[in-house]
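Submitted below is the structure of interest, expressed as structure tokens.
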Amino acid sequence: MIAALAQNEWRSLWRNGVFVGLAAGMLALSIGAASLSFQRIATFDRERAAAEAVDREVWDNQGERNPHSAAHFARYAFKPIPRLAGFDPGVTDYTGLALWMEAHHQNPAVFRRAEDLGDAGRFADLSPAWILQYAAPLFLFLILFGSVAGEREQGTLRQLAATGLPSRAVLLGKLSGAGLAALAIITPTLLLSLLVISTGGSATLSDIGVRTIGLVLAYALYLTAILGIAIGVSALAREKRTALIALVAVWAGAFVLLPRITAGLAVAIHPSPAASSMENQLGEASMAYYVDEELQESLKASLLAENGVDKVEELPFDYNGYTLQFSEEHAHPLFEAVYDRLDRTYQRQDGLLALASLASPVLAIDALSAGLAGTDRLHHDAFRWDAEAHRRTTVKALNDDMTYNSGNAGYAHIANEDLWHQIEDFDHTPPPFSSIWARYWLNILVLMAYAVGGMVFAVFAMGRAQREVAR
Amino acid sequence: MSLSTTIALERKLFLFSGQGLVTALSIVALVLLSALGGKADIARTAAAQSAFLDERNEAIEEWRGALIAYEETGEAESPYDARPMNLRIPAVLPPAPLADFAGGSAELYPTTAVLTGWANPADLFSRYELDNPAPLSIGRLDLSFLVVVLLPLIMIAASFDILASDREGGRAKLVAVQAGQLHRSVWERLWLRNASIWATFSVAAVMMALLPASGADMGMRLLHFAAWLAIAWIYGAFWFGLIALAIIVIKKGETVASALFAAWAMFVFAVPAVGGALAEGLYPPPSRLAFLSEMRKGEVAAIRQTAALTAGILADHPEMTVSDEAVPAFFNSAYVANREAGKRTTPVLIAFEESRNQRLSLVSYVQYASPSLIADRALTAVAGGDIERAMAYQRQARQALAELFDVIGPAVAAKQRISLAQFEAIPAFQYKERSLGDILASSAVPLAYLLLLSLGLIALARRRLAAPLEQIL
């Protein structure tokens, strides 16, 4: 009987013009999203590889010069894009792609792709993940609003109740039919995404299998919750139109309005520092040694005492080179403090978004999906800190050359290209998901609660609908 | 049925019913939330810009004082004092007069820069990408979003069953038999419900417009607001016409609603998303990383040829004699490198501009398939949250940087200082705002199309409503 109900649901959906039209629209969107993702990832890879090659070339061929001048010219770290970005670009477009590893400065990443994209898709970001997160729920709501309310209006729900079939069996039949129909529409999105994922991406995710399974499970939970809500609301409503209005109101409120309200509130309650203020803080960290005359004097005195000499010119190494490296190391904890403060602000903003996911499951899946795909802020931060570690190593190598190989020539010391060749390219491996999953526990719990709650709600509503029509 | 009877009916069914009151309160709450959020954002930006300007102007005064002292005594306390390379002029993009009404893409772009010989056109705007990407990617609620996305939904929810419920309940026949003027009653009810929605919204929006925004001239603000509200009404008229046609043509209430919701999803999300993707696919932006590579190549080429390039600059300025004062060599090499990087990256910047124009051109065609896109672009442009304003600022700042380079270049190459007169002749950066007329002119054709489409839909709906009763019932 359950199979017959599922078959009936499946057939009636496919006979419905609205369903077929919406399904065609979803399919077209999926193909468009997958093509765009494919193009984006290929472009990212191509541009990054070309930029890395040029960066190495200009670095190696900068000619003979002082190592500290070279440290100012410095190199760039280019962010690799993980394969799963083809499925969910997350916040990739809103984070910088390149980071200047300059002496004296811990810079933020630059070049956000979103700045080049124009103003057409302000309300929608076409990607396979966006389709599953936003379009799929609306699609399910629009095709399922009449699944029980329609039967009630036509009187067939009473007939079903009369057969003595338990309400859970009816629900299971409806869920199976609707679920299969939804799967038939959503599967192409997933298959096309897999195709995109398998063809591009420059960052190796060591745990891509775990992440892919995690994505499948997360979206399964999410869509289960949506199915439960759709059928539950349809069962609660006495008329199809009431069910439709209620479901669209849920979608508009929880999927469109609430995320924006929360994002605005998060930034208003915990404002990020202004760019000019951050620039000042970073500048102060960078110049901390040079404005502290006491520190400069004490360093000088201790070096002279340690080496038993009276003048810096008599030191067995170059004093200027030494102070350059000292000033770098003096600035490290200060830079860390500035970025830690910024990170705490971000965490508070993200905390509010996570809290709002209790009322808006799309916020939970949005964050978790980007985390699993390696395209969230945490993965970007890992890139930033890796680049900073590389900057520190590179700048130290250049300062050390001036300190220990210049024969006290200081800024007049000229290094040749052999030194530039010794500087290694930046390499970044994204962290495993296991190292950051704890930041997503609330999102995971919310999705599980929504899936279970959605099903419980559907069971309750179905039972109530059957009892009502049986009276 | 007379108008007064219809009003009395609507007072019971919608205007003063729970549904109507919740709708009105929701609209007012959303307007307040959007506008106050926008105002808070603008206040933060304005405060940060004010602090930035104060700090920079103080530094300029200090620099100017050192220059005056040098001109008076012919000596400087330090070789770094009043050097043209150390002149740093602030360039600020102030919030637009109606910036709190549409964030648009503006929050992505820089609003401050420092014009200096240490910068080049490619890295003039740096270290500004500091916002948390998660809320940034979601976007914030603003009044333009409210108009484009949410008000049509509220209109659909309030209107979709005006005729269908009467048809299905048999009341339509009753009204037709008793009053004989079903079309008038339907039209008046439709009109009353949607007018109440738009009146509530407009009154709330006017109140928000009258609250001053940081630094904005109130006259200019109200002028922009008038244009903004007019565009919002045109867009509202489109949805009114579409809803009217749907409720007349489609018999079943749920089919009316699902058709209108599907149209809404298509106009608001699908067409703009596909249009944006199409524009990006057909005219991909040039690589920012290639842009960076060109800048680096230019810098390294200049570093290797500093002497020759400096000689070239001095050859162009025979009036300059090279000073024998000890000036750090990196002053000149940095200037020369930035000048060369500027030359190298100019073609890439032009390519960016061309590619952006091509995408905008494609989107300007695609918008005819989505009234929501027309409205969003026009509302955002009038409010000053559009990309064009951000790009205009960047162009003007780069132009000002080029002019500064022309003034300080020969002096830097000659290890000299500029004169006080030359300094006084450098204008403070002032963003030249586009006129409202220019903004409206660029949106005039699509807005005229939207207006005609709206009037056409309304006329068609009225015509269908005036059809014989048996066709409507």
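Quick note: the coordinates plus some simple rules give every number you see, no bench work behind them. No experiment lies behind these values; they were computed from the predicted model shown. Here the Cβ positions follow ideal geometry from the backbone for every residue, glycine too, while neighbour counts run over all protein chains shown.
List the residues, sorted by chain then number, that are 5 or more residues from A:Phe111 or on another chain and whose placed amide H is less than 5 Å from its amide H.
Here A:Leu97 satisfy the definition.
If you don't mind, there's one more thing I want to ask. Near A:Tyr440, within a Cβ-to-Cβ distance under 15 Å, what is the net charge of the other residues, with Lys and Arg +1 and Asp and Glu -1?
Summing Lys/Arg as +1 and Asp/Glu as -1 gives -3.
In Å, what Kirkwood hydrodynamic radius results for the protein assembly as shown from the alpha-carbon pair distances?
30.9
How much length, in nm to one decimal, is gained on full extension between B:Asp217 and B:Leu282, taken as 0.36 nm per residue of separation minus their Cα-Cα distance?
My answer for the length gained is 19.3 nm.
Okay, next question. Convex hull volume of the Cα atoms in segment A:159-239, per residue, in Å³?
Taking only Cα atoms, segment A:159-239 has a hull volume of 113 Å³ per residue.
Using the Karplus curve 6.51 cos²θ - 1.76 cosθ + 1.60 with θ = phi - 60°, what ³J(HN,Hα) values do you get for each residue of segment A:427-443, in whole Hz, with x for Gly and Pro?
9, 10, 10, x, x, x, 4, 4, 7, 10, 4, 4, 6, 10, 4, 5, 4
Run the quick spin-label model on B:Ala369 and B:Met266: label points 7 Å from Cα toward the beta carbon, then report their separation in nm to one decimal.
The answer from the label model is 1.1 nm.
Could I ask something else about it? In degrees from 0 to 90, rounded to the nearest 10, what is the angle of the helix B:18-73 Cα long axis to the longest principal axis of chain B?
Helix B:18-73 sits at roughly 10 degrees to that axis.
Compute the whole-percent fraction of alpha carbon pairs in segment A:84-185 spaced more than 19 Å apart.
Tail of the P(r) past 19 Å holds 65 percent of the pairs.
If R0 is 35 Å, what FRET efficiency do you get for A:Ala305 and A:Ala409 from their C-beta distance, rounded to 0.05?
0.90
In whole angstrom, note down how far apart the Cα centers of segment B:392-448 and segment A:419-434 are.
Between the Cα centre of segment B:392-448 and that of segment A:419-434, the gap is 41 Å.
How far, in degrees from 0 to 90, does helix A:240-250 lean away from the longest principal axis of the Cα atoms of chain A, to the nearest 10?
Helix A:240-250 sits at roughly 10 degrees to that axis.
At what distance in angstrom do the alpha carbon centres of segment A:88-155 and segment B:123-148 lie from each other?
With segment A:88-155 and segment B:123-148 each reduced to a Cα centre, they are spaced 14 Å.
If you take the beta carbon distance between B:Leu36 and B:Ala441 as r and set R0 to 41 Å, what does 1/(1 + (r/R0)^6) give as a FRET efficiency, to the nearest 0.05?
Efficiency, from the Cβ-Cβ distance: 0.80.
Moving to a separate point now. Does anyone have the angle between helix A:361-373 and the longest principal axis of chain A? Alpha-carbon axes, 0 to 90°, nearest 10?
Orientation of helix A:361-373: about 50 degrees from the principal axis.
Taking just the C-alpha trace of segment A:1-134, give me its Rg and Dmax in Å.
23.3, 83
While we're on this one: For chain B, count the residues as N, evaluate 2.2 N^0.38 Å, and divide the Cα radius of gyration by that value, please.
1.30
Sticking with this one: If I model a spin label at A:Val20 and A:Arg467 as a point 7 Å from the Cα along the Cα→Cβ vector, what separation in nanometres do I get?
A separation of 4.0 nm, rounded to one decimal place.
Then there's this: Which three lengths, in whole Å and largest first, does segment A:258-334 cover when its Cα atoms are put on their principal axes?
For segment A:258-334, the Cα spread along each principal axis is 68, 18, 16 Å.
With N residues in segment B:9-104, what two-decimal value do you get for its Cα radius of gyration over 2.2 N^0.38 Å?
The reported ratio for this selection is 2.14.
Sticking with this one: Mind jotting down the distance between the C-alpha centroids of segment B:182-241 and segment A:307-346, whole Å?
The two parts, judged by their Cα centres, are 60 Å apart.
When the C-alpha atoms of segment B:383-473 are aligned to their principal axes, what extent does each axis show, in angstrom, from largest down?
Principal extents (Cα only, largest first): 92, 19, 16 Å.
Beyond a 27 Å Cα-Cα separation, which of these cross-linked pairs lie in this structure: B:Lys12/B:Lys252; B:Lys297/B:Lys432; A:Lys300/A:Lys396; A:Lys300/B:Lys297; A:Lys311/A:Lys396; A:Lys311/B:Lys415?
Beyond 27 Å: B:Lys297/B:Lys432; A:Lys300/B:Lys297; A:Lys311/B:Lys415.
Oh, and also: Spin-label point model (7 Å from Cα, Cβ direction): what's the A:Glu417 to A:Thr156 distance in nm?
Inter-label distance under the simple model: 7.9 nm.
Also, I was wondering about something else. D for segment B:17-175, whole µm²/s, Stokes-Einstein with Kirkwood Rh over alpha-carbon pairs at 4 °C and 1.567 mPa s: what number?
62
Using the Karplus curve 6.51 cos²θ - 1.76 cosθ + 1.60 with θ = phi - 60°, what ³J(HN,Hα) values do you get for each residue of segment A:175-190, in whole Hz, with x for Gly and Pro?
4, 5, x, 5, x, 5, 5, 5, 4, 4, 7, 7, 3, x, 4, 5
Can you tell me the FRET efficiency between A:Leu195 and A:Ala359 if r is taken as the Cβ-Cβ distance and R0 is 41 Å, rounded to the nearest 0.05?
0.70
Please report the orientation-averaged projected area of chain A, defined via the convex hull of its C-alpha atoms, in nm².
Averaged projected area of chain A's Cα convex hull equals 25.7 nm².
How big is the equivalent ellipsoid of segment B:210-261 along its three axes, where each semi-axis is √(5λ) from the Cα gyration tensor, reported in whole Å from largest to smallest?
Each semi-axis is √(5λ); the values are 38, 10, 6 Å.
Strictly greater than 14 Å: what percent of every Cα pair in segment B:371-432 meets that?
Result for the distance tail: 68 percent.
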